[in-house]
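*Asks:* To start, I am sharing the structure in question, which I have written as structure tokens.
The values are calculated or read from the model by the stated rules, or taken from the named source; none is laboratory data. Here the structure is a predicted model, which means the values were calculated and not measured. Cβ coordinates were reconstructed from backbone atoms using ideal geometry, including for glycine residues, and neighbour counts include every protein chain displayed. Areas reflect the complete protein model, heavy atoms only, side chains present, ligands, DNA and RNA absent. Shrake-Rupley method; radii C 1.70, N 1.55, O 1.52, S 1.80 Å.
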Amino acid sequence: MTDSPPLDTSIERVEDVLAGATDASARLGELDPGERGELLVAVADALEVAAADLLPVAARETHLPDRRLEGELARTTHQLRLFAEVLAEGSYLEATIDTADPRSVPTPRPDLRRVLVPVGPVLVFAASNFPFAFSVAGGDTASALAAGCPVVLKAHPGHPGLSALTGEVVTEALTAAGGPEGTFAVVTGVDKGRIALLDSRIRAVAFTGSLSAGRALFDLAMSRETPIPFYGELGSLNPVFVTPGAAERRAAEIADGYVNSFTLGVGQFCTKPGLLFLPAGSSVLDRLAELVRAVPYGEMLNDRIRRAYTRTLSDLAAVQGVRTVVDAADGEEGPVVGPTLLAADVPALLADPDAMLTECFGPTSIVVEYEDTDQLVAAADAFAGSLTATVHGEPDEGGLVDELLATMRDRAGRIIWNGWPTGVAVAWAMHHGGPYPATTAPLHTSVGATAIRRFLRPVSYQGVPQQLLPKALQDRNHLHIMRRVNGSLTTADVPAGT
Ligand code: NAP
């Protein structure tokens, strides 16, 4: 293995990678789900074996602490293994069988069998802020491979050496486990990402990063002669609404939780709470300044992110009606950054929502005070799409919390009650998505078991003989999976003569 940063991928190599992914596509898709699961487990095992090589490079390139990186690597291997379980369980295929019914009204029904099939080679743009879990071997890669799609991975330049090393580990593990050649490859260079995206052999794209870059790449994907699905996870504000009852009864707990959540990882999480709504004059606010001042300074991921943060923060602090409660610049030294706390009120937010409702990626958040609950609901209504929305409320505040939850249900992908949005569990029921601008594809998630659905396309087979059907749709349930047969879920074979 080498850990020196690679040069940008040559055009010739990009062509080889695209041709290899295309060649691998049919063979990878034809493997039984269980066989693809074994490939994913092999990658997870290999990452664990290589941890001692990977972790120091990650620490050097991202400035993230060792414990965080170790935890993130464990999350990455867990993610790969979860998708192996998803494949073994099999319901992700949505295998559905309607046997022929000559008595069906208004017209006789032919034999119809529907299943999900891989879309083909997927281009993944790795994120900067999770060098393992949303990068080379991260969730997008794991879910695309699980679906049966070869992956062309555009590495993030924020951790080039780690991307190259991880790419080698993944490719070698797939090859050793019998994966088709060309199943996975890493490319580098901003223009190479665009070239791959515009190539007709790429059938879907996954992206995690900024709104501006994500939108530009989405537009490029739609401009192709054959547009393709673009699953972009972009910016998110993750508002937290604290009701009068919660502010009165749990002031200390809420202040602690909020400061911890918005400063965690130097604020470099897509789920960082960007705004906290408090009743005017709440004692929560009294505690915040003191807690924020006690947070240790930290180094951001890279200069590009730090420059973007400083720029956005100064724009935000200059918005009419925004005041600075704690100014990190007071104690800042060298490349480290401290938390900044801003404050405003609801009338200021509603006077210029676009200016204040802007993601500031880093350790900054705005406390917004409301005079009455009408103002709180009006503020909630001003939000566009967000990955999360959090309500801190009390059981006896029914009408208000119902209204907040309903308003945010229409705007967010995950609703949190009396908790905090940072921390995204990799689980079957997780949804990490939301309406634009949180994502470009609000019907889907980039985390959790159903992330695989992004890379699968439904096909119905009508009147096709048994031996020509995919295994998942034959009368005999070869894969032992849950299927819907004539309307009912079952793992049984389709009875003869049905
Ligand atoms: P970025 O600037 O959005 O870049 C992400 C990826 O897209 C990189 O691989 C980049 O390639 C590529 N890219 C960007 N513009 C492109 C273009 N016009 N054509 C082709 N490829 C392009 O993300 P970042 O560097 O990680 O962070 C910048 C900002 O993104 C942060 O300050 C933050 O606001 C936001 N961010 C959001 C999330 C989230 O989860 N929502 C996560 C991380 C960052 P090159 O780097 O090679 O140019």
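*Asks:* What size of dipole, in debye to the nearest 20, comes out for the chain about its Cα centre when the only charges are +1 on Lys and Arg C-beta atoms and -1 on Asp and Glu C-beta atoms?
*Replies:* 1340 debye
*Asks:* Shifting gears a bit: Counting only DSSP beta bridges with both residues in the chain, tell me the antiparallel percent, nearest 5.
*Replies:* Values: 20 of 59 bridges.
Of all bridge pairs located within the chain, approximately 35 percent are antiparallel.
*Asks:* Count neighbours as other Cβ atoms within 10 Å of each site's Cβ, and list the GluC sites (Glu not before Pro) in the stretch 340-418 that are DSSP loop with at most 13 such neighbours.
*Replies:* Details: sites: Glu359, Glu369, Glu371, Glu397, Glu403; in loops: Glu359, Glu371, Glu397.
Answer by residue number: Glu371.
*Asks:* Net charge near Gln79, counting Lys/Arg +1 and Asp/Glu -1 over other residues with Cβ under 14 Å of its Cβ?
*Replies:* Numbers: positive: Arg75, Arg81; negative: Asp45, Glu48, Glu72, Glu85, Asp140.
Charge balance near Gln79 sits at -3.
*Asks:* Please go through the stretch 411-460 and write out the chymotrypsin sites (Phe, Trp or Tyr not before Pro) that DSSP classes as loop and that have at most 16 other C-beta atoms within 10 Å.
*Replies:* Working: sites: Trp417, Trp428, Phe455; in loops: Trp428.
Here the sparse-neighbourhood loop sites are Trp428.
*Asks:* Taking all protein chains as present, what is the carbon and sulfur share of the accessible area of the stretch 247-327, in % to the nearest whole number, probe 1.4 Å? Can you show the working numbers first?
*Replies:* On the way: 1830 of 3810 Å².
C and S fraction of accessible area: 48 percent.
*Asks:* Net charge around Cys270, counting only other residues with Cβ within less than 13 Å of its Cβ (Lys, Arg = +1; Asp, Glu = -1)? Could the numbers behind the result be given before it?
*Replies:* Details: positive: Lys272, Arg414; negative: Glu233, Glu359.
Taking every other residue near Cys270 into account, the sum is 0.
*Asks:* Would you compute, from DSSP H runs of 4+ residues alone, the mean residue ellipticity of the chain at 222 nm, taking -39500 (n - 2.57) per run and dividing by the full residue count, rounded to the nearest 500? Kindly include the intermediate steps, with their values, before the conclusion.
*Replies:* On the way: 16 runs with 197 residues, N = 498.
Here the helix-only value at 222 nm equals -12500 deg cm²/dmol.
*Asks:* At q = 0.06, 0.07, 0.09 Å⁻¹, what is the log10 ratio I(q)/I(0) for the chain, with the Debye formula run over Cα points and no solvent?
*Replies:* Log10 I(q)/I(0), no solvent term: -0.31, -0.42, -0.68.
*Asks:* Can you return the aspartates and glutamates within cross-link range of Lys154? Criterion is Cα-Cα under 13 Å, with same-chain partners fewer than 8 residues away left out.
*Replies:* Answer for Lys154, where 13 Å is the Cα cut-off: Asp8, Asp140, Asp191, listed by chain and number.
*Asks:* Give the value in nm², to one decimal: projected area of the alpha carbon convex hull of the stretch 1-86, averaged over all directions. Each step should come with its number before you reach the end.
*Replies:* On the way: hull surface 28.6 nm².
Averaged projected hull area, Cα only: 7.1 nm².
*Asks:* Hey, if we sort Glu168, Glu38 by accessible area with the 1.4 Å probe, largest down, what's the order? Write out the running numbers ahead of the final one.
*Replies:* Details: Glu168 55, Glu38 125 Å².
Ranking Glu168, Glu38 by accessible area, largest first, yields Glu38, Glu168.
*Asks:* Computed FRET efficiency, Cβ-Cβ of Glu85 and Arg293, R0 41 Å: what is it to the nearest 0.05?
*Replies:* Details: r = 45 Å, r/R0 = 1.10.
That pair, Glu85 with Arg293, gives E of 0.35.
*Asks:* Please give me the summed charge of the neighbours of His480: other residues whose Cβ is under 12 Å from its Cβ, Lys and Arg +1, Asp and Glu -1.
*Replies:* Values: positive: Lys471, Arg476, Arg483; negative: Asp32, Glu89, Asp493.
Surrounding charge for His480 is 0.
*Asks:* Would you please state the base-10 log of I(q)/I(0) at q = 0.21 1/Å for the stretch 353-414, with intensities from the Debye formula using one equal scatterer on every alpha carbon?
*Replies:* Log10 of I(q)/I(0), two decimals: -0.98.
*Asks:* While we're looking at this one, here's another question. Taking Cα centroids, how far is the stretch 336-375 from the stretch 148-198 in Å?
*Replies:* 39 Å
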